[in-house]
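What follows is a short report on a single structure.
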Amino acid sequence: MTRAAACVGADMELARFGAVLQLTARPGRRDDLLHVLTNYAHTLDGEPGTVMFAVAADLNDDDVVWMWEEFTDEEGVRGHFEHDFFRALQLELADLLVEPAAVRPLAPVVRRVAPNVAT
């Protein structure tokens, strides 16, 4: 067992690939962006390789949204990009963002969610 796996615990397997994204909405459109991303989150059961998807509004910038995604493996990432709902999302984002999302690929190391926190 890797050190990262030991930190996560036996009941939560760590994803192999992740990314954090910064999305900057057109002025006054962040709520629309959050609505689109919330709707998109409901489609992720069709992407078995996507194991985590989280969205947060930036408290210091009224136009910025942060996303965190994790995937099982390279095939999971590929499946994510090839999924019909992802392609539809890209069309919706084109009207809402001032520029393409800034993407930082990452290798997840540890994740903890308190057992009493709703997901």
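The values are calculated or read from the model by the stated rules, or taken from the named source; none is laboratory data. From a predicted model like this one, the values you see are computed outputs, not experimental measurements. Cβ coordinates were reconstructed from backbone atoms using ideal geometry, including for glycine residues, and neighbour counts include every protein chain displayed. Each accessible area value is taken on the protein alone, full model and side chains, heavy atoms only, with ligands, DNA and RNA left out. Shrake-Rupley method; radii C 1.70, N 1.55, O 1.52, S 1.80 Å.
Here are a few things to note about the model shown:
- Summed side-chain charge close to V36 - residues other than V36 whose Cβ falls under 12 Å, Lys, Arg +1, Asp, Glu -1: -2
- The alpha carbon gyration tensor of the stretch 59-119 gives principal lengths a ≥ b ≥ c with a/c of 1.5 or higher and a/b no greater than b/c, which makes the shape oblate.
- Estimated FRET transfer efficiency (D84, M52; beta-carbon r; R0 22 Å; 0.05): 0.60
- Solvent exposure of the chain as accessible area per residue, Å², 1.4 Å probe: 67 Å²
- Max mean-square fluctuation residue, GNM over the chain, Cα-Cα springs under 10 Å, options A25, A102, A57: A102
- All other residues whose Cβ lies under 15 angstrom from that of V103 are scored, Lys and Arg at +1 and Asp and Glu at -1, for a net of -2.
- Whole-percent carbon and sulfur share, accessible surface of the chain, 1.4 Å: 54 percent
- What the Kirkwood sum gives for the stretch 31-83 is a hydrodynamic radius of 12.0 Å, with every pair of different alpha carbons counted.
- Ratio Rg/Rh, restricted to the chain and using Cα atoms, in which Rh is the Kirkwood radius: 0.98
- Computed over the chain, relative contact order equals 41 percent, with contacts defined as Cα pairs under 8 Å that lie 6+ residues apart.
- Paramagnetic label zone (point 7 Å from Cα along Cα-to-C-beta, E99; backbone N under 17 Å) in the stretch 42-64: 61-64
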